[in-house]
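Beneath this line is the structure, given in structure tokens, with notes to follow.
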Amino acid sequence: MFTIGLFFFYAVWRKGGTTTALFELGPFYISIVLLYTVIPMALIILRNHYNLPLTNGRLDENSFGIEDVAVIGLYSMLYIGAFSGGYLIARGNCPSRVAIKGDWRYAPIHAIVVCIVIVQLLIEIVNRSYKLTLGSYWDMYIAIDRMPMILKQLYSHAQGWFVAFLVMGGAFLFGRYKKYRYVIYLCAGTAIFRVFYVMHSRFDVMLILGVCILHYDRLVKRLRLWKVLLAGGLVFLIFDVAGLMRSGERAEAFWMNGGEFEAMFVNALDLRVKRDAGMVDLSPFSVVLSNVVNVVPQQVLPFRKVVLSSWYVDTFYEDYKNTGGGLAFGALSEAVIGYGIVDLLVQALVLGLVFGWIHRRCSTRGVGFWGWSFYTWFRIVSYECFRDNSGVMIILFSHMWLPALVCVYSVNALLKGRRSIGGRIGDMVSAGCLSIVDR
């Protein structure tokens, strides 16, 4: 896997990359895939070799062998190889850095701020109404699961809209970094403080720090590779420490706890065993179909759609779900219960072609404020393709990015209309005053 990853990075660098080609869409995604694969494999092998205590109960229950781990590792290697091939084909010899064009001083920052405030108020109202932030992390997810479906959907989408608004606002602030750098420091510091103080979600701090790094590298100053690696290590450290503090685990478990990375890998191991035992009741076709059907809201469908992450815990770990737990799913797990290696290769290849086409278009034609915001948002949420399932980007684009874009344009039109109406009233008052003076 490392060999394929290094070859991919080298190929990108030879095709016009730079020392920070890591921030290009394809390499950025491959880095995430390697984290979700190499970390759990290394921890499982180390624990097995040195007889160290397990931090994941499913490993102890199923007693997976090294051969099982090797099979899932092979799946990941094939996934990386197929994605890399598709990406390099679609990318071609375009530059690694996206070309920036246009004047961003006229970006609708006022509309973006209004949208952020409205969405935050909506999220806060739901938090207070259902007391989501008063209990533990697990209590919060139990309360969310018991919400009415329409409210649960609205709450989930609002959090996705907030991500899009945050990326747009960050693009404007970093585009004028010298003027707004203290605002950026305040936002980043608040996010770090909040994740350790509230202890509900690590996503906010990861999101803000990731957005800051990506914006800074392109809009302010190119980061050196050692700074990129240092920043990445710091973000990973914050992520893991916050997870340990939230779950209440002992500090000595820090170095051997794979957290979410290990959970995704164990999902694939667990489902492979259950599939071989005939315990999986989903057909491969229904697994593939779920990527398309999940774009449509449940209220419109005449049947209940299958959300793979919910199906997994509902079917096999209902007691864990009832305590507020979740296990996500993963692209490898999807292939295990789908059409196997063929499914995995096709999905990775298509994903690589799409990612490569997006980068080629953005880097050769150049992007303005909206293009750069979309490119950064796409990188930030791309990890969901491996963490959840391969078709999740369709849902994120149609349910998160597009509504957020429409909201900003609508609010901006309302603000402009109000200013134009105010301008007309002012002109009428001025004309009336002048006519009185003339008399």
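Read-outs: derived from the displayed coordinates by stated rules, not from any lab. Please read these numbers as outputs of a predicted model, since none were measured by experiment. Note: ideal-geometry Cβ built from the backbone for every residue, glycine included; neighbour counts use all protein chains shown.
Per-structure values
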{"quantity": "Gain on full stretching of the segment that runs from K152 to S398 - 0.36 nm per residue minus C-alpha separation", "calculated": "86.8 nm"}
{"quantity": "Pairs from K152/K305; K101/K416; K178/K416; K274/K321; K101/K221 whose Cα-Cα separation, in the structure shown, is over 20 Å", "calculated": "K101/K416; K178/K416"}
{"quantity": "Length added when fully stretched, A277-V306, from 0.36 nm per residue minus Cα-Cα", "calculated": "8.3 nm"}
{"quantity": "Volume in Å³ per residue [convex hull over Cα atoms, computed for region 114-154]", "calculated": "66"}
{"quantity": "Förster radius 22 Å - calculated FRET efficiency between V295 and V406 (Cβ-Cβ, nearest 0.05)", "calculated": "0.85"}
{"quantity": "Likely footprinting exposure, K178, K321, K221, fewest C-beta neighbours within 10 Å first", "calculated": "K178, K221, K321"}
{"quantity": "Trypsin sites (Lys or Arg not before Pro) restricted to DSSP loop in region 123-163 with at most 10 other C-beta within 10 Å", "calculated": "R146"}
{"quantity": "For V367, distant residues with modelled amide H under 5 Å away", "calculated": "A99, I100, K101"}
{"quantity": "T364/S286 FRET efficiency (R0 35 Å; Cβ-Cβ; nearest 0.05)", "calculated": "0.30"}
{"quantity": "For M206, M149, order by how many other beta-carbon atoms lie within 10 Å, fewest first", "calculated": "M149, M206"}
